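To start, the structure itself, in structure tokens.
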Amino acid sequence: MALTRTEREQIQDSSLKLQSVSHTLSQVDPEKIGDFEDIRECIEDARKSLSDALKLHEEDIKKPH
């Protein structure tokens, strides 16, 4: 099922927010944050999942119906 325009925008916005969080964390000493590496991996996994959802949506749009 194709994403609506609003859903695509929300996913893109969330992805950008995760990118911002990732950037912010890169400026902090990992020793000062418990489970730093787990948090970083979680953020990257979430960004990848959102990106994959958008790619699948684009593929659905390109498929002949």
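Taking region 17-48 on its own, how many of its residues are surrounded by 12 or more Cβ atoms within 10 Å (Cβ to Cβ), of a type outside the set (Lys, Arg) and part of a helix (DSSP H, G or I)?
Result for region 17-48: 12.
Can you confirm whether Ser20 is closer than 27 Å to Lys62 by Cα and among the hydroxyl-bearing types (Ser, Thr, Tyr)? Give the derivation first.
Values: closer than 27 Å to Lys62 by Cα: no; among the hydroxyl-bearing types (Ser, Thr, Tyr): yes.
The answer is no for Ser20.
Consider only pairs whose beta carbons are under 7 Å apart and that are at least six residues apart or on different chains; among these, list those whose first residue lies in region 29-50 and is closer than 10 Å to Leu18 by Cβ and in contact (Cβ under 8 Å) with a residue 24 or more places away in the chain and whose second residue is part of a helix (DSSP H, G or I) and of a type in the set (Val, Ile, Thr).
Listed pairs, sorted by first residue: Ile43/Val21; Leu50/Ile11.
Throughout, read-outs are computed from the coordinates displayed, never taken from laboratory work. Quantities reported herein were computed from a predicted structural model and do not represent experimental measurements. Virtual Cβ from ideal backbone geometry, glycine too; neighbours counted across all protein chains shown.
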